[in-house]
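Rule-based calculations on the coordinates, nothing more; no lab input. None of these values were measured; they are calculated from a predicted model. Note: ideal-geometry Cβ built from the backbone for every residue, glycine included; neighbour counts use all protein chains shown.
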Ligand SMILES: NC(=O)c1ccc[n+]([C@@H]2O[C@H](COP(=O)([O-])OP(=O)(O)OC[C@H]3O[C@@H](n4cnc5c(N)ncnc54)[C@H](O)[C@@H]3O)[C@@H](O)[C@H]2O)c1
């Protein structure tokens, strides 16, 4: 069943991990996918994979922290696909693992430039196209770390808290224009971002998985496709009366 037939979607951070899984799933469900990422080679590879499988996709190297680059790519993608219906703000970095008193201004700005301003810039560029189309759907990648505190990665926690509020604020602002804005809040998902952290953990991935899921109801790490399915639902017309939601996709982590 093609749940995004006729939809035109732009995905940031689509070269890797959950962005890539989302782009591939969207391609399988009939969307035309603008695959964007900082990494030129990866966007070409992901877009080629979607078209080789019979879908529609095109690739853009796009830096979400650069407003003019974002504006140019979003406009080009809308031109290519004759409009835009869906924006998935997935690009993100985790930054330094330090408590507040050890974080430099540069550490803080580096995370906020991508995780917070990236969502702002892409949303700002996409909304005029949604207004032209008569509506749209945005799904922001936040994190359980934007919902609850923890004793690590302080700038990342605060940045993802900002993404949750950007989600609610934009949902409130744009509902009258039939633009829905939701967020997914994953717990730990086994993507390249996490594989690097797990490899450095004493005992490697098995020990890391046991430690990270000890307070989770479902005791396994997430897979990118677990989150991509939630994004697909929120982006599709099946969720046409859902907006302003920050949805935990977390194996039950925040329910305990
Ligand atoms: N992996 C997890 O456990 C986890 C949990 C909760 C939330 N998240 C969030 O989900 C999103 C995806 O995470 P992932 O684990 O799939 O990450 P990943 O590292 O596998 O992929 C992130 C992608 O973002 C791209 N990117 C980085 N900076 C960019 C920039 N300035 N402009 C454009 N693209 C840029 C990277 O090139 C990469 O392809 C992120 O926002 C992350 O914070 C991840």
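For the reader, a short list of remarks on this structure follows.
- Ascending count of other beta-carbon atoms within 10 Å, so fewest first, for 61, 8, 223: 223, 61, 8
- Separation between Cα centres of the range 83-97 and the range 186-256, rounded to whole Å: 16
- Cα-based shape type of the range 1-68, given that a ≥ b ≥ c are square roots of the gyration tensor eigenvalues and the cut on a/c is 1.5: prolate
- Centroid-to-centroid separation of the range 1-59 and the range 104-123 [C-alpha atoms, Å]: 24
- For the chain, averaging the sequence separation of C-alpha pairs within contact (under 8 Å, six or more residues apart) and dividing by the residue count gives a relative contact order of 19 percent.
- Each semi-axis of the equivalent ellipsoid for the chain is √(5λ) with λ an eigenvalue of the Cα gyration tensor; in descending order they amount to 28, 20, 18 Å.
- On Cα atoms only, tilt of 105-115 relative to the major axis of the chain in degrees: 40
- For the chain, the longest principal axis of the C-alpha atoms and the axis of helix 154-174 are separated by about 30°.
- Computed lengthening from residue 131 to residue 233, 0.36 nm per intervening residue step minus Cα-Cα distance: 34.6 nm
- Rounded tilt (10° steps) of 67-81 against the dominant C-alpha axis of the chain: 50
- Each label was represented as a point 7 Å from its Cα along the Cα-to-Cβ direction; for residue 207 and residue 193 these points are 2.5 nm apart.
- Taking a ≥ b ≥ c as the square roots of the eigenvalues of the alpha carbon gyration tensor, the range 97-155 is oblate, as a/c is not under 1.5 and a/b does not beat b/c.
- Which of 33, 158, 70 has the fewest Cβ neighbours within 10 Å, and the rest in rising order: 158, 70, 33
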